[in-house]
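Q: Below you'll find the structure I mean.
Just so it is clear, none of the values below were taken in a lab; they were calculated from the coordinates. The model shown is predicted, which means the values in this text are computed figures rather than measured ones. With ideal geometry, Cβ positions are generated from the backbone for all residues, glycine too; neighbour counts draw on all protein chains shown.
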Amino acid sequence: MARKLPISSSSVKKLIKGPRSRLPDANGPPSTFVPAELGVVPLKTPVFDPRFLLAKLSSGSSRREYLPSEAVYTQGDPANAVFIVNSGTVKFTVVSHSGKEAVVAILPESSFFGEGCLAGQRVRMSTASALTPSAITRIEKDVMVGLLQREPEFAEQFLAHVLSRNIRMEADLVDQLFNSGEKRLARLLLLMANFGQESKPMPVIAKISQETLAEMIGTTRSRVSFFLNRFRDLGFISYSGVGMEVHGSLISVVLHD
């Protein structure tokens with residue numbers, strides 16, 4: 001009979017720690033590293049450029065502008081298309097049977113979403129809505145399938161996108177289970193600012209409510225306010241007229257045990 005080994009939260013954290021990649025620092029040249037906990041894994045595939053895809057489409061797609069809080073689709077809608085964020089930011093929420101709503105993800109520009117329909121998903125499992133003014137392209141499912149079959153370069157980029165999304169989701173789960181609220185918030189802000197991604201960091205995050213941040217990390221608005229004030233006092237973040245500026249030094253909160 002196989003001997004059972006004890007599993008603790010510290011051992012799980014050690015399992016996800018691995019080689020660290022260079023982290024772009026908003027205040028200078030790369031000098032810090034991205035921990036595996038951040039859920040960012042460097043891929044050799046080129047960064048996805050939506051212009052590459054849109055240039056291949058002659059029909060079966062449409063582009064639309066969305067205002068903040070305007071829904072792209074709602075939970076329970078038929079899943080029959082894939083979407084690309086051309087500009088702006090999209091928020092995903094899920095409502096339980098008891099009516100409780102939770103924010104489960106926020107996707108930046110150049111992200112795919114709604115790709116579950118390609119794997120047989122018939123209805124949407126969440127509601128997608130614009131968090132900021134956004135331009136979004138809708139691609140019908142059959143058109144997307146045909147494009148993946150005809151364009152191996154695009155198919156490679158799309159596969160890399162899906163795999164990196166899965167890695168991020170696994171890191172999100174470990175983060176939610178074992179990390180403190182302060183570390184969860186620091187990690188979320190770094191990811192929203194695009195630190196550790198192959199594309200250029202965007203240290204300024206558009207205005208987002210503390211309630212939304214609280215929903216995403218599973219805590220209260222008052223705790224988020226407390227952590228943000230501490231980050232500001234330590235010089236990890238600052239505020240301007242356009243939003244919150246995230247500095248690369250915030251990674252120290254994620255690295256601290």
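Q: Mind counting the residues in segment 56-70 that are closer than 15 Å to Ile136 by Cα, out of contact with any helix residue (DSSP H, G or I) (no Cβ under 6 Å at 6 or more places or on another chain) and not in a strand (DSSP E or B)?
A: 5
Q: Please go through (1) under 18 Å from the mean Cα position of the chain (by Cα); (2) crowded, with 16+ Cβ neighbours inside 10 Å; (3) hydrophobic (A, V, I, L, M, F, W, C) for Met125 and return the number of the only condition it doesn't satisfy.
A: Of the numbered conditions (1) under 18 Å from the mean Cα position of the chain (by Cα); (2) crowded, with 16+ Cβ neighbours inside 10 Å; (3) hydrophobic (A, V, I, L, M, F, W, C), the odd one out for Met125 is (2).
Q: Next question, about the same structure. Do we find a residue being polar (S, T, N, Q), buried (at least 16 other Cβ atoms within 10 Å of the Cβ) and under 18 Å from the mean Cα position of the chain (by Cα) anywhere in segment 180-194?
A: The answer is yes, given that some residue of segment 180-194 is polar (S, T, N, Q), buried (at least 16 other Cβ atoms within 10 Å of the Cβ) and under 18 Å from the mean Cα position of the chain (by Cα).
Q: Just give me the residues in segment 106-157 being more than 22 Å from Tyr66 (Cα to Cα) and basic (Lys, Arg), in sequence order.
A: Within segment 106-157, Arg122, Arg150 qualify.
Q: Of all residues in segment 206-257, which are among the polar types (S, T, N, Q) and within 22 Å of Ser134 (Cα to Cα)?
A: Step one: list which residues in segment 206-257 are among the polar types (S, T, N, Q), which gives 209-210, 212, 219-220, 222, 225, 229, 238, 240, 249, 252.
Hits for segment 206-257 are Ser209, Gln210, Thr212, Ser240.
Q: Quick check on my filter: what residues within segment 50-60 are surrounded by 11 or more Cβ atoms within 10 Å (Cβ to Cβ) and over 20 Å from Leu159 (Cβ atoms)? Can you show your working first?
A: From segment 50-60, those surrounded by 11 or more Cβ atoms within 10 Å (Cβ to Cβ) are 50, 52-54, 56-57, 60; that's our starting set.
If the condition is that a residue be surrounded by 11 or more Cβ atoms within 10 Å (Cβ to Cβ) and over 20 Å from Leu159 (Cβ atoms), then Gly60 is the only one that fits.
Q: Something else: Against the condition closer than 22 Å to Leu213 by Cα, of a type outside the set (S, T, N, Q) and free of Cβ contacts under 8 Å to residues at least 40 places away in the same chain, how does Arg184 come out, does it pass? Let's see the steps before the verdict.
A: On the way: closer than 22 Å to Leu213 by Cα: yes; of a type outside the set (S, T, N, Q): yes; free of Cβ contacts under 8 Å to residues at least 40 places away in the same chain: yes.
Spelling it out, Arg184 is indeed closer than 22 Å to Leu213 by Cα, of a type outside the set (S, T, N, Q) and free of Cβ contacts under 8 Å to residues at least 40 places away in the same chain.
Q: Follow-up. Does segment 232-241 include one or more residues that are assigned to a loop (DSSP other than H, G, I, E, B) and either touching a strand residue (DSSP E or B) at 6+ places or on another chain (Cβ under 7 Å) or touching a residue at least 40 places away in the same chain (Cβ under 8 Å) (or both)?
A: yes
Q: Consider segment 103-126. How many of its residues are among the β-branched types (Val, Ile, Thr) and touching a Pro at 6+ places or on another chain (Cβ under 8 Å)?
A: Summing the residues that are among the β-branched types (Val, Ile, Thr) and touching a Pro at 6+ places or on another chain (Cβ under 8 Å) in segment 103-126 gives 1.
Q: For segment 202-222, which residues satisfy the criterion of being surrounded by fewer than 18 Cβ atoms within 10 Å (Cβ to Cβ), in contact with a Leu (Cβ under 9 Å, 6 or more places away or on another chain) and either more than 17 Å from Ala105 (Cα to Cα) or among the hydrophobic types (A, V, I, L, M, F, W, C) (or both)?
A: Ala206, Arg221 - these are the residues of segment 202-222 that are surrounded by fewer than 18 Cβ atoms within 10 Å (Cβ to Cβ), in contact with a Leu (Cβ under 9 Å, 6 or more places away or on another chain) and either more than 17 Å from Ala105 (Cα to Cα) or among the hydrophobic types (A, V, I, L, M, F, W, C) (or both).
Q: How many residues does segment 227-257 contain that are crowded, with 16+ Cβ neighbours inside 10 Å and touching an Asp or Glu at 6+ places or on another chain (Cβ under 7 Å)?
A: 5
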